[in-house]
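Chemist: Following this message is one structure expressed as structure tokens.
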Amino acid sequence: MLPLLRKNAAEGEQLGALAPATLEALDRVGVFKITIPTELGGSALGARDSAEIVKALGQGDASAGWLVIVSSAARNALGFDSKARDEVFASIADWVGPIMFGATVFAPKVGDGREVDGGYMVKGKWSFGSGCKHAAWGAVGFEYDDQASGERRRAMGILSRDQYEIVDDWKVMGLQATSSNSVRSETEIFVPDYRVVHTNDLPRLTEALRGKYSGLAFKHGPIGGMVATTCSFAALAVGIAQGALDSFVQQATKRPPFNLPYKTMSEMASIQVVAGKARAVINSANAVLWRHADEIDRRALAQEEFFPWNEPEITTDLVHLIHECLRVVDGLLLALGSSAVVLSNPLQRAVRDIHVLATHGAFRIDPAAEISGRDMFGLDPFPMIAALSSPPAANADRPPVPQPGRARVGDMASAFPTR
């Protein structure tokens, strides 16, 4: 599919959504169903298989790979009331594209709601709804005042396609075809009880899915599933870098240098060094990526848990390789020269796409490294998703932190929902 993806990538950027031919081709091979249960027509793939698919797509069109990752939002519907699950997946066999997107579920500012008989009245604007132009349903966050307790609570609701409008505000430098527009409802819309869950219940609901459906995807625990998703985003960066290197090699074998007497740029030692270093970085990134993806799947198959203190190191490894791939792609464009900045050149798109990927809040290297560093020194973790409250502490015990004189972190199992 790479020739098709590369051919249609520019059209997707112009549309702000995947080109129709790309969307149909992706849907035909089932990539939007890789995390959906086999009982519902999906593949329920594990971390390694999912990451391999995303990496391959990233070599042709990063937006396609991104949408395959975020299409896993449909998995959230499995934890809702069975009536909501049945509604969302009723058209899964015929729907072309991701069945559901998510927008502003865990952000600091979400929509506003109020309790009414049988459900909630909700309105608001929800940003970064990747895939909203292609999906049948949307999951959004909202807050409301609990009538019984008087508390301010946060929930996630599922909206049907007719309950929101798509805002034309996805004007960005890269990943333009992901249709990551905002969606909004300026007037209140009714969301029935069965299409709502409270965000502090999400860890429990996610855990309850383990073993409920067939497939490796449903053998992962909550933390395993979280780091598996991070693996897919890292795989997208590796795919972008690999696609950029392939294009670089192809172009360097045809283009003459600007001010040296070689027939092609590929004869230049400096170009050979750039290519060799790029391949080394990509090979190293692959090694780290597959190491973690395979360990996620191994633990799932062996029914071994991931604990909260396992996650920071893995996440930082993966975020670090995203940024190393970014530097590779930047270097390839600079080495090729001014011909690479022409909009018809795939290298410039790779640069723009991987920069947008790396700016995502979850993939900024310094915050990720700080979280990992705090863990190394035995310091208490920061709450990373304030929308979720911590459940009671479990009884799992963490090995002592090896630094003498440091107070070890106690039981951190309760920290997962805040991460």
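Chemist: Over the stretch 145-192, what number does the Rg to Rh ratio reach, with both radii from the alpha-carbon atoms and Rh per Kirkwood? Could the numbers behind the result be given before it?
Modeler: Details: Rg = 15.3 Å, Rh = 13.6 Å.
With Rh from the inverse mean 1/r over Cα pairs, Rg/Rh is 1.12.
Chemist: For the chain, list log₁₀ I(q)/I(0) at each q in 0.06, 0.09, 0.14 Å⁻¹, using the Debye formula over Cα point scatterers of equal strength and ignoring solvent, two decimals each.
Modeler: Listed by q, the Debye log ratios stand at -0.26, -0.58, -1.31.
Chemist: If you rank D112, D146 by fewest surrounding Cβ atoms within 10 Å, what's the result?
Modeler: Details: D112 15, D146 12.
In increasing order of surrounding Cβ atoms, one gets D146, D112.
Chemist: How far is helix 47-58 tilted off the main Cα axis of the chain, in degrees rounded to 10, range 0 to 90?
Modeler: Here the helix axis deviates by roughly 50 degrees.
Chemist: For the chain, what relative contact order do you get, as a whole percent, if you take Cα pairs closer than 8 Å and at least 6 residues apart?
Modeler: Details: 778 pairs, mean separation 68.0, N = 419.
Relative contact order, the chain: 16 percent.
Chemist: Which one of G118, S185, S130 has its Cα pushed farthest toward the positive end of the charge dipole of the stretch 113-204, where Lys and Arg give +1 and Asp and Glu give -1 at the Cβ?
Modeler: S130
Chemist: Give me the dipole magnitude in Debye, nearest 20, for the chain about the Cα centre, with unit charges on the beta carbon: positive for Lys and Arg, negative for Asp and Glu.
Modeler: On the way: 42 positive and 47 negative charges, 236 e Å.
Here the chain has a charge dipole of around 1140 debye.
Chemist: Going Cα to Cα from K254, which aspartates and glutamates come in below 16 Å? Please leave out same-chain ones fewer than 8 positions away.
Modeler: Leaving aside aspartates and glutamates fewer than 8 places away in the same chain, those within reach of K254 are D246, E267.
Chemist: Angle, helix 269-302 long axis vs. longest principal axis of the chain, Cα atoms, 0 to 90°, nearest 10?
Modeler: For helix 269-302, the angle is close to 30 degrees.
Chemist: Applying the Karplus parametrisation 6.51 cos²θ - 1.76 cosθ + 1.60 with θ = phi - 60° to the phi angles of the stretch 25-41, what ³J(HN,Hα) value in whole Hz is obtained for each residue in order, glycine and proline being reported as x?
Modeler: My calculation for the stretch 25-41 gives 5, 5, 5, 4, 8, x, 5, 7, 10, 5, 10, 8, x, 4, 5, 10, x Hz in order.
Chemist: While we're here: So, in Å, what gap is there between the alpha-carbon centers of the stretch 242-318 and the stretch 362-378?
Modeler: With the stretch 242-318 and the stretch 362-378 each reduced to a Cα centre, they are spaced 23 Å.
Chemist: What Kirkwood Rh does the stretch 211-282 have if only Cα atoms enter the pairwise 1/r average? Answer in Å.
Modeler: Working: mean 1/r = 0.0660 Å⁻¹.
It works out to 15.2 Å.
Chemist: Considering only L45, G157, L205, whose Cα is most displaced toward the positive end of the charge dipole of the stretch 2-208, charges sitting on Cβ of Lys, Arg (+1) and Asp, Glu (-1)?
Modeler: Going by the Cα projections, it comes out as L45.
Chemist: A further question follows. Nearest 10 degrees, 0 to 90: what angle lies between the long axis of helix 346-359 and the longest principal axis of the chain (Cα atoms)?
Modeler: 30
Chemist: How would R374, R154 line up from fewest to most surrounding beta-carbon atoms within 10 angstrom?
Modeler: Working: R374 15, R154 19.
Lowest to highest Cβ neighbour count: R374, R154.
Chemist: Could you let me know the centre-to-centre spacing of the stretch 172-208 and the stretch 1-55, using Cα atoms, in angstrom?
Modeler: 21
Chemist: Arrange the following residues from fewest to most other Cβ atoms within 10 Å of their Cβ: L67, L40. Walk me through the numbers on the way to the answer.
Modeler: Working: L67 31, L40 18.
Least crowded to most crowded, the residues run L40, L67.
Chemist: Let me check I have the definition right: for the stretch 2-208, take the eigenvalues of the Cα gyration tensor, multiply each by 5, take square roots. What are those semi-axes in whole Å, largest first?
Modeler: Details: eigenvalues 181, 75, 38 Å².
Working through the eigenvalues yields semi-axes of 30, 19, 14 Å.
All of the numbers you see were taken from the coordinates with simple rules; none came from a lab. It should be emphasised that the depicted structure is a prediction, and the values quoted were computed from it without experimental measurement. So basically every Cβ, Gly included, is an ideal-geometry build from the backbone, and we count neighbours across all protein chains shown.
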